[in-house]
Amino acid sequence: MTDPSQPPRGPLHGVRVLDLSRVLAGPYCTTLLWELGAEVMKVEQPGHGDDTRAFPPFLNGESVYFASINRGKRSIALDLKADNDRAVFDGLLAKADVLVENFRPGVMEKLGYGWEAVHARHPQLVYAAISGFGQTGPYKDLPAYDLVVQALGGMISINGPEGGPGVRLGISLGDLGAGLFAALGVVAALYDRRVTGEGRLVDIAMLDCQTMLLESALVRQFASGESQGPTGSRHPVITPFDVFQASDAPIAIACANDHLFAALCAALGQPGIAADPNYSSLFGRYANHVALKALIEQALGSRTAKDWVAALQAAGVPCAPVQDMAAVVRDPQLEARAMFVEVDDPEMGALKMSGNAIKISGFTDSRTRPPAPNLDEARADVMADLGRDAEGPRPRVKAGPKDPAW
């Protein structure tokens, strides 16, 4: 049971998540569930653990990447092909509210832990299966990584310099999007269980998630047959909505309506541009975006990016400097919102990583997090909780917290 002396971390307080996933999509889902208050038991491969334990960057021989995606969780190493370990897993499964896995379809069935088999034994369990292409369809058995679904889902084709070849996004949106949708699906299934008393299968495909994130590109393809190509930083329809060069550095300016465009032109000292028939309407600005960008950059060239950001913000125009990562981690807004948290890791020392973007009233938005777990660090506690004889620990990789919920 959850320790009653500890205040709830979030609305999923008391929810137990059994996490069979690895790398990013599944672990990102379970990290979000942990951030919302759930307790997460990570089941890893004996002797090896999650692949990301070997991902750089490293501090004192430990992966900071792994630590950032798995903070707060606990770990047990189990071989689901071995009878003794299967018995331990069965005991954990009986206590869990949610199972998350991201194996290729069919793997869990071969192990005897597919949705149908688990649902028959534990009808209240929510079962989340994350894969490249989902549990159905002609691609379901194909392997997939973020790059594959960004390519197949069209994301690469619309990203990159205008007129140039498409490029992969600078983040693993295929994995991260799937993790986000999976967490939302799990929360919805838990809500449904309160009414029906029954667990559900949450079937998440990375490709499906990429398609749902295509936004206007997909709409325009269906509506007009227009296939969007790379547009650089420019919005494919709204203008001006782009990155523009000031005298020393670029700034982002976003004017999504006539009022904001007029405010921009006035702040630039060029009010006549807003009255020009070529630019006075959203469609006109879109049709003449190349010439309009040249006019805006001509005006911006007279002052620094810092000066223009201050002037445009004072005029109510949405804008921002283009910050690199070094500037992002010093941003006062993000600091004020507790979006950078500290972890006191036993091996790596003090770490900083992203906080929780979901702010919910009534729950403390802590500025610290527990560290990620050692491989198999929860074994003694799990065995005691299940009333089984203690076994020798598996090889360890990282230290972690003791969570009384397991």
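The values are calculated or read from the model by the stated rules, or taken from the named source; none is laboratory data. Keep in mind that this is a model prediction, so the values were computed, not measured. Quick reminder, even Gly has a Cβ in these numbers, built from the backbone with ideal geometry, and neighbours come from all protein chains shown.
Residue by residue, here is whether (1) touching a residue at least 40 places away in the same chain (Cβ under 8 Å); (2) more than 23 Å from Val43 (Cβ to Cβ) holds:
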residue	(1), (2)
Arg337	no, yes
Pro346	yes, no
Ala350	no, yes
Gly355	no, yes
Lys359	no, yes
Phe363	yes, yes
Pro370	yes, no
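Residue under question is Phe261, and the condition is that it be under 25 Å from Leu214 (Cβ atoms) and assigned to a helix (DSSP H, G or I); does it hold?
Spelling it out, it is not the case that Phe261 is under 25 Å from Leu214 (Cβ atoms) and assigned to a helix (DSSP H, G or I).
Identify, from the list Ala299, Ala246, the residue that is touching a residue at least 12 places away in the same chain (Cβ under 8 Å) and surrounded by fewer than 20 Cβ atoms within 10 Å (Cβ to Cβ). Give the derivation first.
On the way: Ala246 fails: surrounded by fewer than 20 Cβ atoms within 10 Å (Cβ to Cβ).
Answer to the check: Ala299.
It is to be established whether one or more residues within segment 115-134 are part of a loop (DSSP other than H, G, I, E, B) and among the acidic types (Asp, Glu).
No, segment 115-134 contains no residue that is part of a loop (DSSP other than H, G, I, E, B) and among the acidic types (Asp, Glu).
What are the residues in segment 238-273 that are farther than 17 Å from Lys306 by Cα, of a type in the set (A, V, I, L, M) and touching a Leu at 6+ places or on another chain (Cβ under 8 Å), if any?
Passing the criteria: Ile238, Ile273.
Checking Gly61 against (1) at pLDDT below 95; (2) within 30 Å of Leu386 (Cβ to Cβ); (3) surrounded by fewer than 22 Cβ atoms within 10 Å (Cβ to Cβ), which test does it fail?
Condition (2) is where Gly61 drops out.
Would you please list the contacts, defined by Cβ atoms under 8 Å and residues six or more apart or on different chains, that run from a residue in segment 149-164 that is at positive phi to a residue that is polar (S, T, N, Q) and part of a helix (DSSP H, G or I)?
Gly154/Gln210; Gly154/Thr211
If Phe241 satisfies all but one of (1) under 30 Å from Leu173 (Cα atoms); (2) in contact (Cβ under 8 Å) with a residue 40 or more places away in the chain; (3) crowded, with 19+ Cβ neighbours inside 10 Å, what's the number of the condition it fails?
For Phe241, the failing item is (2).
Considering only segment 155-183, how many residues are in a helix (DSSP H, G or I) and charged (D, E, K, R)?
1
Applying the selection to segment 152-184, what residues are surrounded by 20 or more Cβ atoms within 10 Å (Cβ to Cβ) and either in contact with a strand residue (DSSP E or B) (Cβ under 7 Å, 6 or more places away or on another chain) or of a type in the set (Lys, Arg) (or both)?
Matches in segment 152-184: Ala178, Phe181, Ala182.
Here's a check for you: in segment 64-102, which residue that is outside any strand (DSSP E or B) and among the basic types (Lys, Arg) is surrounded by the most Cβ atoms within 10 Å (Cβ to Cβ)?
Result: Lys73.
Scan segment 337-347 for residues that are under 21 Å from the mean Cα position of the chain (by Cα) and not aromatic (Phe, Trp, Tyr) and jot them down.
Result: Arg337, Ala338, Met339, Val341, Glu342, Val343.
Can you tell me which residue is surrounded by the most Cβ atoms within 10 Å (Cβ to Cβ) among those in segment 103-151 that are closer than 21 Å to Gln221 by Cβ and touching a helix residue (DSSP H, G or I) at 6+ places or on another chain (Cβ under 6 Å)?
Taking the candidates together, the pick is Val149.
As an exercise: evaluate Trp308 against (1) assigned by TED's automatic domain parsing to the domain that holds Ala266; (2) within 23 Å of the chain's Cα centre (by Cα); (3) not charged (D, E, K, R) and give the number of the one condition it does not meet.
(2)
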